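Here's the structure we're looking at; comments come further down.
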Amino acid sequence: MPNTWLESRFETPLAHRATSDNTYVSMREISERGMIDLRGLATDRKFMVAAKSILGLDLPKQPRTSASWGDVKVLWLSPDQWLITCARAKAQALADDMATALAGLHALCVNVSDMRAVIRLEGERSREVVMKGATLDLTDGNYPPGTVRRMLFAEVAALLHVVEDNVIDIYVFRSFADYAWEFLLKAARKGSEVAVLSRR
Amino acid sequence: MSGKPHRLAEGGSRIDRNARVSFTFDGRQLSGFAGDTLASSVMASGQRLFGRSFKYHRPRGLVGLGSEEMNALVGVGLAGRHEPNLRATQVEIHDGLAAVSQNRWPSLTFDVGAFNNKLSRFLPGGFYYKTFMWPKSFWKHVYEPAIRKAAGLGRAAEERDPDAYEHMHIHADVVVVGGGIAGLTAAEAAAASGLRVLVIDENAALGGIADLVAGRIGDGCVADIVPALVVRLNAMGNVHILARTTAIGHYHHNYLMAAERVADHDPALLAAGAPRHRLWKIRAGHIILATGALERPIAFANNDRPGIMLASAVRGLLARQAVAPGSTGIVFTNNDDAYLTAFALKSAGIAVRIVDSRQRPDGDLVTRAVTEGFDVSFGSVISKVEGTFAVKAAKIAAYRKGQGRVITEKRVACDFIAMSGGFNPVLHLWCHNGGKIRFDEQLASFRPDTHADAITAIGAANGTMSVAETLREALATGEAAAKSVNARAKASKIKPQSVEEPKRGALEPLWFAPATGGYNEGNKHFIDFQNDVTVADLELAQREGYESVEHTKRYTTLGMATDQGKTSNINGLGVLSEATGKAIPEIGTTTFRPPYTPYSFGAIAGALTGKLFLPVRRTPIFQWHTDRGAVFEPVGQWRRAYTYPALGEDKQAAITREILCVRNKVGLLDASTLGKIEIKGPDAAEFLDRVYTNTFSTLKMGKCRYGLMMNELGFLTDDGVTVRLADDHFLMHTTSGGADRISAWLEEWLQTEWTQYKVFVTPVTEQWAQFAIAGPKAREVLARLEPDFDLSNEAFPHMSFKAGRLGGHPVRVFRISFSGEQSYEVATPANLGQGLWDAIIAAGRDFGIEPYGTEALHVLRAEKGYIVIGDETDGTTTPFDVGLSGLVSKKKADFLGKRSLEQAYLKGPNRKQLVGLLTDDPNDVLPDGAYAVREVKDKPPMEMIGQVTSSYLSPTLGRSIAMALIENGHARMGELISFPLEGGKVVKAKITSTVFYDQDGGRIHA
């Protein structure tokens, strides 16, 4: 039994930032999400089968898409890279199981649950808030729920996941979390709403 | 007769006479009505004067209707909110608005700079270039500061702007610029397809000048169609209308920028959180330009006197704000349109006569004027205006085209003049990205020709001056634009309404109205009011050989600055045409540049100010460093703790304390910024052999090895320790600044050159918080953290690796050292980082542990002669140069940069090589970058033989140490070389080994 001072203490990058009631979409950090970076070749049948055996779903091959099974979601990052999200508590076990299943195959599976901060935007104008910092055509039908893509957001690299029509997760690298949060506080400030074109 | 401008008892479509608004202009309390502009309300108060001109400081009044206004430039707002150079015609008044006139000192009516006007004989075009040439040094110190004070427009605010600004990105299938009847009609036609349509208009009210044109649509006047059209558009979910938004520039790929003045007109919006301005970044499928046309002034003697306005502006003020420009006026025109102004004036009960330069015009409006008994002087011009601060009288003279000066003239008392020289389609946006234009003889102006982008001009912007044709063009273009974006777009099925409009007679160009006297002497015919360019200036430029219109523009400043030639461009070309005998199309035109009208720096910066100016990367321990009072230094975008001064301790003392703590006890460093890259695959070892100069395939499991990386040129680009986690699995560390660059570099080689390798590379820098525990007590501190692995020297020697736990923390521990001390780098998942840091501090308390910053880190490594990429290397430094030839494999078949190292130049003599330096006087600390010379002379130039790369006061050794790249340094051990410093001091230093401390490396293995 370790001493109490030696017990680990969990602290996400935005733990010190209070949520604000002066924003016109709700924004909060999602801290309980586990993330696993998986690399392999979509053309490698053995790899795809092994991944499915652990995740219960086929890795999405279509650019900018995602797939989900239970609480596991797989986000397409590139033709040979996926981000698997799940409950944080399960991440290490899932990564270990995946590594076991992939033993002997050409693949790389890393638990990166602490590498990114996830900020959830929720509300009718979530897309509009993102459009204040990114060039993407979010009013367009090309961004239905499930869409994933990397973007330049304000001045930092970010990953966009359209969870539902009005629910958007923005992933940024941990060190940029404070900057992204600060930008969103300003972009979503009450009174700065913009009427934008409705979607087709 | 000198009536003043005044408010009429009735009328004014835009104003609400029940809503009084009070504001100040130059400190004077004024009032107007809701719906007034600053221009209309100041005029309504009886004041004509708005400012002083740029060069001659001539008194100037209002000329235009909207964004073409060139004289009435004002500054609006107080302190940090002050914004200069706004057109009074576009400033909507609100309670508390504070506006000031510009370019006058000390006051608008008494202006010292007006002396320039008396000197104007000596201030012709190109005056600055001719006069202020000598002596050379006077330009910078005497002439320029004086000229800048005397000329120029508004002043910038000096305080910080308290308001918020933002950017907004939007994609639209069809973007319509201009919300007049052409733009709105086209928008409706395009929107019927269901595509996304964005309408942008610079004014607060839509409709353009529909209220000022002649004709009837269906049962009503032209403007009557606007309200219903706007209601229909607003009801469509796929249409969005942006008012008070100026399209400022058109760029490649139909990228359009527009500046929205969100809250300028209503401070309550600001208080409620709205940004003051919003910059729209628009990606358009198809752009429809419905930007209308701007009226041209006429060049007649003293045509800049307050009270001389464009005819459309006079009509607009009457109709919209019920402001009369005076009580007796003259309409001076060369076309039919201005007759509408005469009719409007008469209806308002204002005396007016018409001067028309045409001999026998025959349009319907002219006929009507004659029938209604107007006093019309055909074949006549205004040859002179009397009055300085206001028009007092005009002289009317008979005119024939080509006539050089006036023989007889008739004096007519009046207090304002409405002039119209024809209309210029607004081509700015068309031309920003290379649209071609062609000259139209009928308009006597340029109109759009071809364009490589998906962009179409309609209505007056296209030179189409008839309402009926404009509406037909708008409907057809709206539909075609939708079809061009989506071939299956539905047709709009909108039927054009019947239009009645007067038949127009032809315009006759009038580029110059002659005045009395030999060669019009003593009279100024202004072409570019904002830049004070006259006809005489343009003719002089021609005589002096500035034949190209672009040269004339720069020599005279015609069409430059904020105005971008809105009203002056064609008139200037007309004058040049007459001066050279060339047709206008042969002369060509100058370049229109964005922005169409100036917009604020706040809008350009958007939200990215203050804390958002630059992204700052924070390690998991950032807050702790801050709380501890750390001084930070930027390392790339990271902020790393530089040192941790205690209360009252200076930085140097803190650094010294931290270094000695590491050497004598134990220190703790936040090294989380180090690049970390996982590399895995059957070919991973071979891959590493190729990217590093040394060999990694021989590295044993659980062991660490320091590696050097070169680019193809043989120059060092990165270094770091790589660990073998499994046979096919490595963890690479890079420099903090190199993390992103190196992972991209590795991907590039794998994806483009070495595609046969089965290797995956995943950057994991931010997954881990990583700390160095360094010092003779490091192992004892670690032991207190209850490791579940053997810490003994035998089980865990230098350059080896363990994965396990420290108490509750999953960790990777690397026994590696950048200080020369016994040292462990401990990595734990980032979200557990602060907890582990606290635990280490607690575990080390009994051993005197202290955090140390990056400066201590640098001194510690320099004492050991460890290089830093970017300090000891400069992008042209090889491993041989820094004395690390032992790390360049002689056995490996190939690796990046190997072949380049064989080049004669890199192998040859006289390379600069890294050496240590000990100054003669141990207290002398050489400046970073100081040059060593072959021979000290009395003064430069001296032949340089190398430079200092790192230099510190070493607390460990109690003296200064330095490293330097010195020509043939490795062969010069023991030699004394000289460093002449600024101020004449020469420091002498002995060349030594770079390892100053613990030469046998015993401490690292302890």
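The values are calculated or read from the model by the stated rules, or taken from the named source; none is laboratory data. Only a predicted model underlies this, so the values are computations on that prediction, with no experimental measurement involved. A quick note on method: Cβ atoms are made from the backbone with ideal geometry, for glycine too, and the neighbour counts reach across all protein chains shown.
So the values come out like this:
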{"item": "Residue within region B:203-212 that is buried (at least 23 other Cβ atoms within 10 Å of the Cβ), within 14 Å of chain A (Cβ to nearest Cβ), at pLDDT 95 or above and touching a strand residue (DSSP E or B) at 6+ places or on another chain (Cβ under 9 Å) present", "result": "no"}
{"item": "Residue that is outside any helix (DSSP H, G or I), modelled with pLDDT of 95 or more, facing chain B (nearest Cβ under 10 Å) and touching a helix residue (DSSP H, G or I) at 6+ places or on another chain (Cβ under 7 Å), where the choices are A:Val172, A:Val196", "result": "A:Val172"}
{"item": "Matching residues, region B:224-259, being without any contact (Cβ under 8 Å) to a residue 24 or more places away in the chain and either touching a strand residue (DSSP E or B) at 6+ places or on another chain (Cβ under 7 Å) or not in a loop (DSSP other than H, G, I, E, B) (or both)", "result": "B:Asp224, B:Pro227, B:Ala228, B:Val231, B:Asn234, B:Ala235"}
{"item": "Residue in region B:401-421 that is closer than 21 Å to B:Val355 by Cβ, free of Cβ contacts under 8 Å to residues at least 60 places away in the same chain, surrounded by fewer than 17 Cβ atoms within 10 Å (Cβ to Cβ) and touching a helix residue (DSSP H, G or I) at 6+ places or on another chain (Cβ under 9 Å) present", "result": "yes"}
{"item": "Region B:608-647, subset assigned to a loop (DSSP other than H, G, I, E, B) and more than 12 Å from chain A (Cβ to nearest Cβ), residue surrounded by the fewest Cβ atoms within 10 Å (Cβ to Cβ)", "result": "B:Leu647"}
{"item": "From B:Leu8, B:Leu38, residue being surrounded by fewer than 23 Cβ atoms within 10 Å (Cβ to Cβ), within 29 Å of B:Leu206 (Cβ to Cβ), modelled with pLDDT of 95 or more and out of contact with any Lys or Arg (no Cβ under 7 Å at 6 or more places or on another chain)", "result": "B:Leu8"}
{"item": "Test for B:Ala348: is it crowded, with 24+ Cβ neighbours inside 10 Å and under 24 Å from B:Val222 (Cα atoms)", "result": "no"}
{"item": "Residues being within 13 Å of chain A (Cβ to nearest Cβ) and more than 47 Å from the chain's Cα centre (by Cα) - total across region B:817-840", "result": "2"}
{"item": "Residues of region B:165-194 classified as in contact with a Gly (Cβ under 6 Å, 6 or more places away or on another chain) and facing chain A (nearest Cβ under 7 Å), total", "result": "2"}
{"item": "Top-ranked residue of region B:878-923 - restricted to ones that are within 30 Å of B:Gly958 (Cβ to Cβ) and of a type in the set (Val, Ile, Thr), ranked as surrounded by the fewest Cβ atoms within 10 Å (Cβ to Cβ)", "result": "B:Thr919"}
{"item": "Failed item, numbered, when B:Ser792 is tested on (1) more than 9 Å from chain A (Cβ to nearest Cβ); (2) farther than 30 Å from B:Pro955 by Cβ; (3) touching a Phe, Trp or Tyr at 6+ places or on another chain (Cβ under 6 Å)", "result": "(3)"}
{"item": "Residues within region A:15-37 that are more than 7 Å from chain B (Cβ to nearest Cβ) and either among the hydroxyl-bearing types (Ser, Thr, Tyr) or not in a strand (DSSP E or B) (or both), tallied", "result": "14"}
{"item": "Given (1) touching a residue at least 40 places away in the same chain (Cβ under 8 Å); (2) under 30 Å from B:Val666 (Cβ atoms), index of the condition B:Ile991 fails", "result": "(2)"}
{"item": "Within region A:38-134, helices (runs of 4 or more DSSP H) holding 1 or more residues that are buried (at least 16 other Cβ atoms within 10 Å of the Cβ) and at the interface with chain B (Cβ under 10 Å from one of its Cβ atoms)", "result": "A:88-101, A:126-131"}
{"item": "Filtered residues of region A:1-14 (kept if within 9 Å of chain B (Cβ to nearest Cβ) and within 19 Å of B:Val616 (Cα to Cα))", "result": "A:Thr12, A:Pro13"}
{"item": "Some residue of region A:139-151 being touching a helix residue (DSSP H, G or I) at 6+ places or on another chain (Cβ under 7 Å) and within 28 Å of B:Thr609 (Cβ to Cβ)", "result": "yes"}
{"item": "When residues of region B:265-281 are limited to those that are more than 30 Å from B:Asn433 (Cα to Cα) and part of a loop (DSSP other than H, G, I, E, B), the one farthest from the other protein chains (Cβ to nearest Cβ)", "result": "B:His265"}
{"item": "Some residue of region A:153-161 being crowded, with 17+ Cβ neighbours inside 10 Å, of a type in the set (Phe, Trp, Tyr) and more than 11 Å from every other protein chain (Cβ to nearest Cβ)", "result": "no"}
{"item": "Breaking point among (1) crowded, with 23+ Cβ neighbours inside 10 Å; (2) under 30 Å from A:Ser8 (Cα atoms), for B:Gly835", "result": "(1)"}
{"item": "Candidate set: region B:41-61, residues that are hydrophobic (A, V, I, L, M, F, W, C) and surrounded by 24 or more Cβ atoms within 10 Å (Cβ to Cβ); chosen: the one nearest to the chain's Cα centre (by Cα)", "result": "B:Phe54"}
{"item": "Breaking point among (1) in contact (Cβ under 8 Å) with a residue 40 or more places away in the chain; (2) at the interface with another protein chain (Cβ under 8 Å from one of its Cβ atoms); (3) surrounded by fewer than 18 Cβ atoms within 10 Å (Cβ to Cβ), for A:Asp178", "result": "(3)"}
{"item": "Subset of region B:841-866 [more than 21 Å from B:Thr626 (Cα to Cα), among the acidic types (Asp, Glu) and away from chain A (no Cβ under 14 Å)]", "result": "B:Glu863"}
{"item": "Criterion violated by B:Ser736 - all others in (1) away from chain A (no Cβ under 12 Å); (2) surrounded by fewer than 23 Cβ atoms within 10 Å (Cβ to Cβ); (3) within 38 Å of the chain's Cα centre (by Cα); (4) closer than 28 Å to B:Lys864 by Cβ satisfied", "result": "(1)"}
{"item": "From the options A:Ser113, A:Ser68, A:Ser126, residue that is under 17 Å from the mean Cα position of the chain (by Cα) and closer than 28 Å to B:Gly681 by Cβ", "result": "A:Ser113"}
